[in-house]
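To start, the structure itself, in structure tokens.
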Amino acid sequence: MSVYTPVTVAELEAWLARYAVGSLVELAPIAAGIENTNYFVTTTKGRWVLTLYERLPAAELPFYLNLMAHLARAGVECPAPAPDRTGALFSLLNGKPAGLVTRLDGTPMLAPDEAHCAAVGAALGRLHVASAGYRARLTNRRGPGWWRQAARAVRPFLGADQNELLAAELRFQTGFGKGGMPKGAIHGDLFRDNVLFVDGRVSGIIDFGFAATDFLAYDLAITVNDWCVVTTGAAKGDLVPGLVRATTTAYQAVRPLSASEREQWPALLRAAALRFWLSRLYDLHLPRPGELTHAHDPAHFERILRDRVARPPRLPDAASAGGGV
């Protein structure tokens, strides 16, 4: 995990005085995530997650926090931001915008089966349906403009074959965003460690730090590229057909995909792989200073991108697929 901005007990106690959450009982850093500073906070009135937003400008925070509040009110399994005594959802702590959200029960499922994938697909579908009523808009800060910027920054660290792959994929994705697919608020990072389970059901969708307004099917592609792949051996990163079918079928039972989304599915999977290959390359080669920092291996998403380019995947036919939730 990463603690870029340490917080002491005394500092947190002073900050918590603006909230009606009781007295501080425990403060513990969270051993996950690489983008923000996160702590578990226990008070006499509940359990919370404290996030200090390291990169997000304060002007963008209302989009994320109000989205979470909107989704929680709609019954989506996500944390609810805690307002302070003035109604504000964030304020400065040690010079960084910070906020509290409810801490949800559950643990990540890091080796999911078809039932877990179906549960995640349905949960993402519910999130997208609920987000249709969210009026705020925010351009994806890890969208195509950032892809090109990050590519220029990491090219000196790559071999010739990697640079060739990167340049070719950027050319291929030139038209990304011009396909007329449905847009709305997306999670943008629905990996296995960002979904909590209790007794086989989704109990929490967490870490909305990459939420944005973007193509809904792109969010599904991001999810499939993490949840529905081989995780070990020579085939690592390859799609597992049964897991893909379970995820996409359950999703479409909640929000059916349009013809344009189905047509663009192979390109969306490639775009999702490119985005995370680039972010991992950037974090590895151009890291920020911080305590307990950890950068994920970019080679994983390089393999995924190469596979999606070599073997364009067809979206399973939801009408004929079995399973679901």
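Remarks
- Applying the criterion of being among the hydroxyl-bearing types (Ser, Thr, Tyr) and over 17 Å from the mean Cα position of the chain (by Cα) to the residues of region 74-121, the residue that is nearest to residue 232 (Cα to Cα) is 102.
- Selection of region 69-96 for residues being more than 20 Å from residue 42 (Cα to Cα) and not aliphatic (A, V, I, L, M) yields 70, 73, 75, 77, 86, 87, 95, 96.
- Residue count for region 111-148, restricted to those that are farther than 15 Å from residue 247 by Cα and of a type in the set (A, V, I, L, M, F, W, C): 7
- Residue among 246, 259 that is open to solvent by 40 Å² or more (accessible area, probe 1.4 Å) and not basic (Lys, Arg): 259
- Residue in region 149-161 that is under 17 Å from the mean Cα position of the chain (by Cα) and either surrounded by fewer than 16 Cβ atoms within 10 Å (Cβ to Cβ) or charged (D, E, K, R) (or both) present: no
- Considering each residue of region 187-204 in turn, at least one proves to be open to solvent by less than 10 Å² (accessible area, probe 1.4 Å), free of Cβ contacts under 8 Å to residues at least 60 places away in the same chain, within 17 Å of residue 275 (Cα to Cα) and outside any strand (DSSP E or B).
- Contact annotation: residue pairs with Cβ atoms under 9 Å, 6 or more positions apart or on different chains, pairing a residue in region 12-31 that is under 15 Å from residue 103 (Cα atoms) with a partner that is of a type in the set (Asp, Glu) and part of a strand (DSSP E or B), are 29/291.
- From the list 60, 54, 13, the one residue that fits, being touching a Leu at 6+ places or on another chain (Cβ under 7 Å), modelled with pLDDT under 95 and of a type in the set (D, E, K, R), is 60.
- Residues located in region 127-148, provided they are in contact with an Asp or Glu (Cβ under 9 Å, 6 or more places away or on another chain) and surrounded by fewer than 17 Cβ atoms within 10 Å (Cβ to Cβ): 138, 139, 141
- Taken together, the residues in region 171-180 that are open to solvent by 20 Å² or more (accessible area, probe 1.4 Å) and either under 22 Å from the mean Cα position of the chain (by Cα) or basic (Lys, Arg) (or both) amount to 4.
- Test: residue in region 225-243 that is touching a strand residue (DSSP E or B) at 6+ places or on another chain (Cβ under 6 Å), surrounded by 19 or more Cβ atoms within 10 Å (Cβ to Cβ) and at positive phi: yes
- Only residues that are without any contact (Cβ under 8 Å) to a residue 12 or more places away in the chain, of a type outside the set (A, V, I, L, M, F, W, C) and either over 17 Å from residue 302 (Cα atoms) or in a helix (DSSP H, G or I) (or both) were counted across region 127-169, and they come to 9.
- Reported count of residues in region 269-312, each being open to solvent by 70 Å² or more (accessible area, probe 1.4 Å) and at pLDDT 95 or above, is 5.
The values are calculated or read from the model by the stated rules, or taken from the named source; none is laboratory data. In this text the structure is predicted, and so the values were computed from the model without any measurement. Neighbour counts run over all protein chains shown; Cβ positions are idealised from the backbone, glycine included. What goes into the accessible areas is simple: the full protein's heavy atoms, side chains included, and nothing from ligands, DNA or RNA. Shrake-Rupley method; radii C 1.70, N 1.55, O 1.52, S 1.80 Å.
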